[in-house]
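The next block holds one structure in the form of C-alpha cells; read it before the comments.
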Amino acid sequence: MFTQKRLSQAYKNAKVEYFDKDSRYIFFSDCHRGDDSASDEFAKNQHVFLHALDYYYNNGYKYVEVGDGDELWEYTDFNHIRLAHTDVFLGMKKFSNDNRLIFLFGNHNIYLKKNRFVKKNYYSYYDEYNQKKQSLFSNLTPHESIVLKHRKTGQEILVVHGHQGDLMNDQLWFISMLMLRYIWRFLHVVGLHSPASPAKNLYKRHKIEKNYKIWIIKNKRMLICGHTHRPHFPKTSELPYYNTGCCIHSKGLTGIEIINDTILMVEWRIKADDNGTLNIVRTVVRGPEKICKYKMGNFPCLSKYFNEVK
C-alpha cells in the first residue's frame, strides 16, 4: 500500500511536460555511470550510449534520464564519474544547451534531491586541459517525476524511476547505500549481487511490478519507469506499464521512445554485418503503438487484472 501512496505523491508533485504529435522523447534509465574501474558496469556500453546520444540529438529528441544515471551510492566523488565519462557528459550538455534535457533522480542518485549538491557538481566543471571552469548543466533542476500531458487530448503519462515504496531502496535507502558502497560494490565484481536490488531478484522484481500495475488500475494512467532493469512493453490488451530496462546489460541498452503520438521500445547494441564489420545498430523491439489507445475513456478492460495483482 505504501507504494501506491508514494507513486500518487510523485504524480501529485510532478512537473508537467506538455507534448503533441511533433514531440520526440527518448527515455533511458539505470546507466549507473561509475569511475571506469572494474565495478563500473556502464563502462562497457559507453560507446554505444554515445552513438545513441548523437542519434537522438541530431533527430530532435528530448533526452529524459529516468533515474540512477550516476552511481552515487558506490562513488562518493561525482568528479571521478565525470572524468571517467567526459564524452558522455559533453554529449548530454548539448541537450542541456538546447533545453532538451530532463533529469529524474532514482535511489542510486537520490542526492540530486539536494539543490546544493546539484549546483556544486552539475552546474559547472573544471576543464583540466584549458585550466578553467566551464559550464556543464547550468540551472539543472532534477525532479522525482514528470507527467507528460498531451496538449490536445489531455492524456497523461507518469514518468518516475520506480523505487517509490520499495522499502530497502526508498525508506531505508541509506542503509542499502552503505552496504553497497562498502560490501556489495566489491562482491559484485566477482559475480555476487546485492539482495536489495530488484535487478537480480526475481521475487522482488515481480512484487514491485505488481505494485506498479495496482497503481495503474486505480489511477488509469500510463506509467513509464525503470529501477527493475527489466525492459517491458505491454502486449495487446495489457495494462500500459512501460519499463525502459537499463544501460548496463551485457548485450547493450534499451529505452522507450515517444514520437508522432506513438510509443515504442528500442534496443541499441553492437552487431556484425555480412562482412564481419561491427556496427552500432538501433532496433525497434516492440511497437510503435498509438498513445491514444490508453486514454481515459478507452482504457483496457480492468476486471481481468484484479486477480493478477491480489
Residues of region 232-255 that turn out to be surrounded by fewer than 24 Cβ atoms within 10 Å (Cβ to Cβ), more than 22 Å from SER39 (Cα to Cα) and of a type in the set (Val, Ile, Thr), as a count
1
Determine which single condition TYR125 fails, assuming it passes every other condition in (1) closer than 30 Å to ARG181 by Cβ; (2) surrounded by fewer than 20 Cβ atoms within 10 Å (Cβ to Cβ).
(2)
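With THR244, THR262 as the choices, which residue is touching a helix residue (DSSP H, G or I) at 6+ places or on another chain (Cβ under 9 Å), among the hydroxyl-bearing types (Ser, Thr, Tyr) and at pLDDT 95 or above?
Numbers: THR244 fails: touching a helix residue (DSSP H, G or I) at 6+ places or on another chain (Cβ under 9 Å).
Going through THR244, THR262 in turn, just one is touching a helix residue (DSSP H, G or I) at 6+ places or on another chain (Cβ under 9 Å), among the hydroxyl-bearing types (Ser, Thr, Tyr) and at pLDDT 95 or above: THR262.
Could you identify the single residue in ILE81, ILE102 that is closer than 15 Å to ALA43 by Cα, aliphatic (A, V, I, L, M) and within 19 Å of the chain's Cα centre (by Cα)?
On the way: ILE102 fails: closer than 15 Å to ALA43 by Cα.
Testing whether each residue is closer than 15 Å to ALA43 by Cα, aliphatic (A, V, I, L, M) and within 19 Å of the chain's Cα centre (by Cα) leaves just ILE81.
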Hey, LEU101 hits all of (1) under 22 Å from LEU158 (Cα atoms); (2) crowded, with 21+ Cβ neighbours inside 10 Å; (3) out of contact with any His (no Cβ under 8 Å at 6 or more places or on another chain) but one; which does it fall short on?
(2)
Is at least one residue of region 105-113 closer than 17 Å to SER145 by Cβ and basic (Lys, Arg)?
yes
Return yes or no: is ASN79 surrounded by 17 or more Cβ atoms within 10 Å (Cβ to Cβ) and polar (S, T, N, Q)?
no
Select from region 155-179 the residues that are modelled with pLDDT under 75 and part of a helix (DSSP H, G or I) and write down the one among them that is farthest from ASP35 (Cα to Cα).
LEU167
How about region 104-114: which of its residues are touching a residue at least 24 places away in the same chain (Cβ under 8 Å) and either of a type in the set (Asp, Glu) or surrounded by fewer than 15 Cβ atoms within 10 Å (Cβ to Cβ) (or both)?
LYS113
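Quick one: how many residues across region 49-71 are surrounded by fewer than 19 Cβ atoms within 10 Å (Cβ to Cβ) and either touching a residue at least 24 places away in the same chain (Cβ under 8 Å) or over 30 Å from ALA272 (Cβ atoms) (or both)?
Final tally of qualifying residues: 7.
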I'd like the residue in region 235-293 that is closer than 28 Å to LYS149 by Cβ, assigned to a loop (DSSP other than H, G, I, E, B) and without any contact (Cβ under 8 Å) to a residue 40 or more places away in the chain and, out of all such residues, is farthest from the chain's Cα centre (by Cα).
THR236
Residues satisfying the stated conditions in region 257-294, i.e. farther than 28 Å from THR236 by Cβ and either among the aliphatic types (A, V, I, L, M) or buried (at least 17 other Cβ atoms within 10 Å of the Cβ) (or both):
ILE270, ALA272, LEU278, ILE280
Out of LYS152, LYS93, which single residue is charged (D, E, K, R) and either surrounded by 12 or more Cβ atoms within 10 Å (Cβ to Cβ) or part of a strand (DSSP E or B) (or both)?
LYS93
For region 206-231, pairs from a residue that is surrounded by 19 or more Cβ atoms within 10 Å (Cβ to Cβ) to a residue that is polar (S, T, N, Q) and in a helix (DSSP H, G or I), with Cβ under 6 Å and 6 or more apart or across chains, are ASN211/THR3; TRP215/GLN4
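The values are calculated or read from the model by the stated rules, or taken from the named source; none is laboratory data. Note that the coordinates shown come from a computational prediction; the quantities given were computed from them, not determined experimentally. Heads up, the Cβs are rebuilt from the backbone with ideal geometry, glycines too, and the neighbour counts pull from every protein chain shown.
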